[in-house]
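The block underneath contains the structure these notes are about, expressed in structure tokens.
The values are calculated or read from the model by the stated rules, or taken from the named source; none is laboratory data. Keep in mind that what you see is a predicted model, and the values were worked out from it rather than measured. Quick reminder, even Gly has a Cβ in these numbers, built from the backbone with ideal geometry, and neighbours come from all protein chains shown.
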Ligand code: MG
């Protein structure tokens, strides 16, 4: 159980996290990827530290991601069910009503921060920018990603996607159909992605150096804000079919955002949503945050999103 938000995120008993590689290139790129051997051995408490060291940049050829001696990775996707989060977020700690909860929460987040920092190094070494995309369910993340993958791939810009959902590979299949390399993380009862799941997904995805990795987090405006994945940017998506006041109702999420995307603006004539007021609310919890208005369905405003991604990439590889 996740000691921070109480969700059963796959850590500990349940081990409910699954990672499924659907990417086409995965079939030929991951075979030589030493870290491909995520067969669960590295995910118990003991193996984890060892594995983490393999990921900290002391690696030799970029194939150190979680290297655990399984350099002869058995084969391509789909990966075996990952025990990815086992031991990752709770450490088996016992939550009691006497205050231990706070200690556990600090430990969970500290461990996540450490893994996120390693992910950040791993990505930077490959000139890859990862953007963590968060929203309520139904805000249009997957539709936005489909269009992004289609249009950027068409311009020769490599884009890969990590899909996070509690269940199903439906969104990953949509991204695959749009032409993107993709892996699906299913969190089971978990309500957010964490840095370890992201590391395992990156391992399976094996994104091309210099590419863009878009991470669709689990639809939820609360817990994903707490968990750094090692990303180079955070985008929060809100749709005009939601309340104008979302930014002040969920200030923690909007406070950590680098970008707020107001999506489905083609529906503005039909709904009671005030984009100017929403933008003011977003600014009130995160002064200076960039706000874009787009329709992933019609394509309006999408060039601004692509410009933002390019700018993020320029900053990251500078
Ligand atoms: Mg989705």
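Each row is one residue, and each column tells you yes or no for (1) touching a strand residue (DSSP E or B) at 6+ places or on another chain (Cβ under 6 Å); (2) in a strand (DSSP E or B); (3) at pLDDT 90 or above; (4) farther than 27 Å from residue 311 by Cα.
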| site | (1), (2), (3), (4) |
| --- | --- |
| 88 | no, no, no, yes |
| 94 | no, no, no, yes |
| 105 | no, no, no, yes |
| 114 | no, no, yes, no |
| 131 | yes, yes, yes, no |
| 148 | no, no, yes, no |
| 152 | yes, no, yes, no |
| 168 | no, no, yes, yes |
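Going by what's in this entry, would residue 275 be described as more than 20 Å from residue 196 (Cα to Cα) and in contact with a helix residue (DSSP H, G or I) (Cβ under 6 Å, 6 or more places away or on another chain)? When the stated conditions are applied, residue 275 does not pass them. Of all residues in the stretch 150-174, those satisfying the criterion of being touching a residue at least 60 places away in the same chain (Cβ under 8 Å) and within 13 Å of the ligand (Cβ to nearest atom) are 169, 172, 173.
Residues are listed down the side, and each one gets a yes or a no for (1) part of a helix (DSSP H, G or I); (2) under 15 Å from residue 195 (Cβ atoms):
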position: 108; (1), (2): yes, yes
position: 119; (1), (2): yes, yes
position: 144; (1), (2): yes, no
position: 157; (1), (2): no, no
position: 163; (1), (2): no, no
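Every condition in (1) away from the ligand (no atom under 16 Å from the Cβ); (2) closer than 28 Å to residue 150 by Cβ; (3) part of a helix (DSSP H, G or I) is met by residue 284 except one, and the failing one is (2).
Is it fair to say residue 109 is buried (at least 16 other Cβ atoms within 10 Å of the Cβ), touching a residue at least 12 places away in the same chain (Cβ under 8 Å) and closer than 24 Å to residue 16 by Cβ? Spelling it out, residue 109 is indeed buried (at least 16 other Cβ atoms within 10 Å of the Cβ), touching a residue at least 12 places away in the same chain (Cβ under 8 Å) and closer than 24 Å to residue 16 by Cβ. All of (1) more than 13 Å from the ligand (Cβ to nearest atom); (2) more than 14 Å from the chain's Cα centre (by Cα) hold for residue 123 with one exception: (2). Checked against (1) out of contact with any helix residue (DSSP H, G or I) (no Cβ under 9 Å at 6 or more places or on another chain); (2) surrounded by 24 or more Cβ atoms within 10 Å (Cβ to Cβ); (3) over 24 Å from residue 254 (Cβ atoms), residue 156 passes all but condition (2).
Per-residue answers, yes or no, for (1) under 24 Å from residue 130 (Cα atoms); (2) surrounded by fewer than 21 Cβ atoms within 10 Å (Cβ to Cβ):
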residue: 241; (1), (2): no, yes
residue: 271; (1), (2): no, yes
residue: 284; (1), (2): no, yes
residue: 289; (1), (2): yes, yes
residue: 294; (1), (2): yes, no
residue: 297; (1), (2): yes, yes
residue: 304; (1), (2): yes, yes
residue: 308; (1), (2): yes, yes
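In this structure, residue 261 qualifies as touching a helix residue (DSSP H, G or I) at 6+ places or on another chain (Cβ under 8 Å) and closer than 30 Å to residue 156 by Cα.
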